[in-house]
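The next block holds one structure in the form of C-alpha cells; read it before the comments.
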Amino acid sequence: MSQALKALDETYRARAIPKGSVRYWSWLFAAATVRAPLLGIYALLAEWNALMDPATEHSAARIKLAWWQEEVRRLAAGVPVHPIGAYLASLPRAGEVDFTPLASSIDAAVTETDGAPLERGTDLVPHACALRAYPLLVASRLASSDLDETSLEECTRALAVADYLSRSIRDYPREVRSGRVPFAVDELLAAGIDNAGLCADHPPAELAGYLQRLRERAARDYAIAAQALPGARRSEQRHLLVLAALGLKQLNRGTPTLESTGMRDMLLAWSTARRAH
C-alpha cells in the first residue's frame, strides 16, 4: 500500500462530514492522529447510509452494495479502486490494519435494505456493531497500534447500539411507510404491536411504551459509551466521547442525528473533547 497520503475528493469529504453535523463535530475535535482515518471511515459510511435510505430504489441499492462488497475485499487485499478506498489504503498504518470487519458492515447494510434486519431482540447488538462499531474500530486502529482493545470495543459497541435505537425511534414512521420495520419482530409481537399501530399517526399505548423502553436503553448505552474508556485513553479516543454526548442530547430532544444544530452542540462537543484531556 502507498505511504503517500492521498487527498479525499471534496465531494466525498462534504458528504462524510456535513458542516454542523455530529460527524463533523466529532471529526473536528478528534485527536490529530485520528482525523484522517475518521474522515475516510465517515466517507464510507456516508456512501453506505445513502444506499440504505428508504428513498433509494431497492434493486439499485442492492447492485451498488454488491459492488461495495467487492471493493471491501479489494481494500483488504490492498488494491481498492474507489477514491475512498484509495484514500484509506494510503494511510500510514493501512498495511498493518485488517479491513475485513468492514465486510460485515456491508452485509448488515444489505440486511437493512431487505426491510426487517432484526428478527429477534438478540440480533440487535451484532447488527448494530456491524453497522457502526466495526467501522469506528477500524478508524481507531488506523490511527494507532497502542490501543486498549477491550475498553474500545465496549465503548463502540454501546455507541453503536444507542445510535441504532435512536435512529430507529426517530425514523420508524418513514421506514414503515417504505415497508421496513427497524425494530425486533419478536419484541413487537410480544408487546402486541401490529402494522396498524406502527402506521398510526399517533403511537398507540403499546407502541408508545415500547418506544420509551427503547429510548431508555439507548440513553443507558450512551452513558456506557461515555464511561467505558479508561482515563489514560480518553484523550486519544475523544471523538467517540463527542459522538456519545451529542447522541444522547439529540435522543433527549428528538432531533435528527445529522441535523445542523448550531452553537450549543459545538460547545458541547468542544467541552466534551476538552474534558477528555
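The values are calculated or read from the model by the stated rules, or taken from the named source; none is laboratory data. Here the structure is a predicted model, which means the values were calculated and not measured. All Cβ positions, even for glycine, are placed from backbone atoms using ideal geometry, and neighbour counts span all protein chains on display.
Only residues that are in a helix (DSSP H, G or I) and in contact with a Cys (Cβ under 9 Å, 6 or more places away or on another chain) were counted in segment 187-232, giving 5. Of all residues in segment 137-176, those satisfying the criterion of being within 17 Å of N49 (Cα to Cα) and of a type in the set (D, E, K, R) are D163, R167, R170, D171, R174, E175.
Does A245 count as in contact with a Ser or Thr (Cβ under 6 Å, 6 or more places away or on another chain) and closer than 24 Å to L152 by Cα? Against the criterion (in contact with a Ser or Thr (Cβ under 6 Å, 6 or more places away or on another chain) and closer than 24 Å to L152 by Cα), A245 qualifies. Taken over segment 144-186, residues that are of a type outside the set (S, T, Y) and not in a helix (DSSP H, G or I) amount to 9.
Name the single residue that is surrounded by the fewest Cβ atoms within 10 Å (Cβ to Cβ) among those in segment 192-238 being among the hydroxyl-bearing types (S, T, Y) and under 25 Å from V125 (Cβ atoms).
In this case the residue turns out to be Y210.
Of all residues in segment 71-117, those that are part of a helix (DSSP H, G or I), free of Cβ contacts under 8 Å to residues at least 12 places away in the same chain and more than 29 Å from L147 (Cα to Cα) total 1.
Only one of the numbered conditions (1) touching a Phe, Trp or Tyr at 6+ places or on another chain (Cβ under 9 Å); (2) among the acidic types (D, E); (3) within 22 Å of C155 (Cα to Cα) is not met by E187, and that is (3). Taking the criterion of being within 15 Å of Y164 (Cβ to Cβ), under 17 Å from the mean Cα position of the chain (by Cα) and of a type in the set (A, V, I, L, M, F, W, C), the residues of segment 197-225 that qualify are A218, A219, I224, A225. Select from segment 239-257 the residues that are surrounded by fewer than 20 Cβ atoms within 10 Å (Cβ to Cβ) and over 15 Å from S26 (Cα atoms) and write down the one among them that is modelled with the highest pLDDT. Among them, the one singled out is N252.
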